[in-house]
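**Q** This is the structure I have questions about; it appears just below.
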Amino acid sequence: MPAWLNRHAPFWLSILAGAGLWEIVGRNTSAAFMVPLSETLVRLWELAKSGQLGVQFLDSAALFITGFMIALAVGMPAGLLLARVRAIRVGLEPYIMTLYATPMVALIPFILSLMGFGFAPKVLVVFLFAVFPILYNTVEGARSIKPELIEVARSFRSGEWALWREVMLPYTLPFTMTGVRQAIGRGLVGMVAAEFFLSSTGLGQLIMTASQNFDTGAVLAIILVIGLIGVALMRLGQHIENRFARWRA
Amino acid sequence: MSYPAIRAPASVRLAQRANRPADRIAGTAIPRLLAGLVVILVWELIVRGFAPAYVAKPSGVIAAIPKVIVDPGFLSATAITLAAVAEGLVIAVMFGTVIGLTIGRSIVADRVLRHYINGFYAVPMIVVLPLLSLWFGYTGAARLATIVFAAIFAIIINVADGARSVPREYLEVARSFRSGRARMLVEIVLPAAIPYFLAGLRLASGRALIGAVVAEFFTAIGGLGYYILYNSRTYHHNEAFVGVLLLAAFGVGFELAVNAATRRFLPWYRRDEKAE
């Protein structure tokens, strides 16, 4: 048996077994409950062909990317600033930790009644879900910078800007990337939550309408799509994290 | 005879200073208190200046606390949600530990199941809600299923990691004393996996809490999440925010409890969080 077959065979066999199980369970239960894989794929193809899937996917992607980018643009500099100015960091640390552990979904009803429907409140939800892991991990990283490093830089008459660029940023980036990986996962939850509970758009809307019509096939098809997106993004996050982890001493 | 004073480097001076109790309080408690006051003040002023009267503000929330915490509706909502989270966590822990140990110790199980576990873990849990509400109806069972789905994969992944990390020598020693497979699993692998299990439990409890709230939003069944939803819809934002504070307290409480348990019972163990 060639090496690649040995390596990949178990994966494909288990995928096949899972697909077979889904098909069998689907055929032997009522259609409102579970739909076989084959029918799910047919529904998926129909949704894709009608253009609905593509449109809604782009809608969701725009929401996710906007919220995530703002979270990154705010979380990283804020984390570094907190790291540099000790008094602010010590002061705000417990609050950041609290917000990191708070289920942000609980804020959605407030956002709804304050900002109503539209794109901005949904971006805010994704932002809130994603920003705290980035902030928390950046602060955590910056806190672990050895004071000696900064002292050495100082004794070489390093300016503030050089200090940030040459010491703070390279040192904390791997930690930030751990936060980025977590933020990807949380941001995705935030995206779907925003689409469910605020104005219904994107893949969230597609799944809601399908479940209201008891269209189990479409529900499963979109769960499959979002699941695969989740897996792909998680892989991406892991990849980014590993890439930067090599810097870690 | 006296030596000229040599100033210690800043890092050492800082470390020394941080160790004196009086300075420790002055160094952390005061900035924390100040920062908290500033946040509260800014929030209060912004709401008073720009937002409609029903929006939650610190003074309103504080005024609402005594009323809310004796409100039987609030108490029963809290009890319902906490009971559901606890029940879901127990189920997730039971099945998650068994599955995790199996995956960690059996190459076949690992190869067959790994992709599914990692895959389900990466699925945003909220997305299965419509399906679960089709299956279980708009009932507490749908919430319980959501909690279990949210929690179980974090436990499986971490327990499997722990079971995999058992030093080979321990198992070899056990085997040379003719220990049975089951006994080895219970007496060696399980204890070795406990720190990993605790890390998984910390993640799982946070996710379970989110799962419960989301399920209550979605299915509108009674509980703390629904309490928040209902009160914010009826413009009782201050009351609703007390619910959010309680959720935050639970979130932090779980985190601190697991960390404290790790430090207390497994003082040798330090580990970064594996996955989220």
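**Q** List every residue pair whose Cβ atoms sit under 9 Å apart, with the two residues 6 or more apart in sequence or on different chains, where the first one lies in the stretch A:82-93 and is within 10 Å of another protein chain (Cβ to nearest Cβ) and touching a residue at least 24 places away in the same chain (Cβ under 8 Å) and the second, anywhere, is of a type in the set (S, T, N, Q) and in a helix (DSSP H, G or I).
**A** So the pair list comes out as A:GLU93/B:THR28.
**Q** Here is a follow-up. Among the hydrophobic types (A, V, I, L, M, F, W, C) and over 19 Å from A:ALA48 (Cβ atoms): which single residue out of A:LEU228, A:LEU206, A:LEU173, A:LEU224 fits that description?
**A** Criteria check complete, one pass: A:LEU173.
**Q** Looking only at the stretch B:212-226, count how many residues are under 21 Å from the mean Cα position of the chain (by Cα) and more than 9 Å from every other protein chain (Cβ to nearest Cβ).
**A** Total satisfying the criteria: 4.
**Q** Which of the numbered conditions does A:ALA101 fail, given that it passes all the others? Conditions: (1) in contact with an Asp or Glu (Cβ under 8 Å, 6 or more places away or on another chain); (2) touching a residue at least 12 places away in the same chain (Cβ under 8 Å); (3) within 10 Å of chain B (Cβ to nearest Cβ).
**A** (2)
**Q** Related question: Based on what the data block shows, is A:TRP22 within 14 Å of chain B (Cβ to nearest Cβ), without any contact (Cβ under 8 Å) to a residue 40 or more places away in the chain and in contact with a helix residue (DSSP H, G or I) (Cβ under 7 Å, 6 or more places away or on another chain)?
**A** Spelling it out, A:TRP22 is indeed within 14 Å of chain B (Cβ to nearest Cβ), without any contact (Cβ under 8 Å) to a residue 40 or more places away in the chain and in contact with a helix residue (DSSP H, G or I) (Cβ under 7 Å, 6 or more places away or on another chain).
**Q** Report, by residue number, each residue of the stretch A:208-249 that is under 30 Å from A:MET168 (Cα atoms), at pLDDT 90 or above and touching a Leu at 6+ places or on another chain (Cβ under 8 Å).
**A** Answer for the stretch A:208-249, where residues must be under 30 Å from A:MET168 (Cα atoms), at pLDDT 90 or above and touching a Leu at 6+ places or on another chain (Cβ under 8 Å): just A:LEU233.
**Q** Grab the helices (runs of 4 or more DSSP H) fully contained in the stretch B:160-257, keeping just those with 3 or more residues being closer than 30 Å to B:LYS57 by Cβ and touching a Gly at 6+ places or on another chain (Cβ under 8 Å).
**A** Working: elements: B:168-176, B:181-184, B:190-219, B:224-233.
Filter on the stretch B:160-257 gives B:190-219, B:224-233.
**Q** With the stretch B:44-132 as the region, which helices (runs of 4 or more DSSP H) entirely inside it contain at least 3 residues that are of a type in the set (Phe, Trp, Tyr)?
**A** In the stretch B:44-132, B:107-122 are the helices (runs of 4 or more DSSP H) which contain 3 or more residues that are of a type in the set (Phe, Trp, Tyr).
**Q** Would you please list the contacts, defined by Cβ atoms under 6 Å and residues six or more apart or on different chains, that run from a residue in the stretch A:191-213 that is on the phi > 0 side of the Ramachandran plot and crowded, with 23+ Cβ neighbours inside 10 Å to a residue that is of a type in the set (A, V, I, L, M, F, W, C) and modelled with pLDDT under 90?
**A** Filtered contacts from the stretch A:191-213: no entries.
**Q** Let me ask another. For the stretch A:130-244, please list each of the helices (runs of 4 or more DSSP H) lying entirely inside it that holds at least 2 residues being within 11 Å of another protein chain (Cβ to nearest Cβ) and polar (S, T, N, Q).
**A** A:169-197, A:202-212
**Q** Still on this structure, please answer the following. Looking only at the stretch B:124-150, filter to residues that are aliphatic (A, V, I, L, M) and more than 13 Å from chain A (Cβ to nearest Cβ); which one of those is surrounded by the fewest Cβ atoms within 10 Å (Cβ to Cβ)?
**A** That would be B:ALA141.
**Q** Yes or no: A:PRO133 without any contact (Cβ under 8 Å) to a residue 12 or more places away in the chain and under 19 Å from A:GLY75 (Cα atoms)?
**A** no
The values are calculated or read from the model by the stated rules, or taken from the named source; none is laboratory data. All figures in this text were calculated on a predicted structure; none of them were measured in a lab. Backbone-built Cβ (ideal geometry, glycine too); neighbour counts: all protein chains shown.
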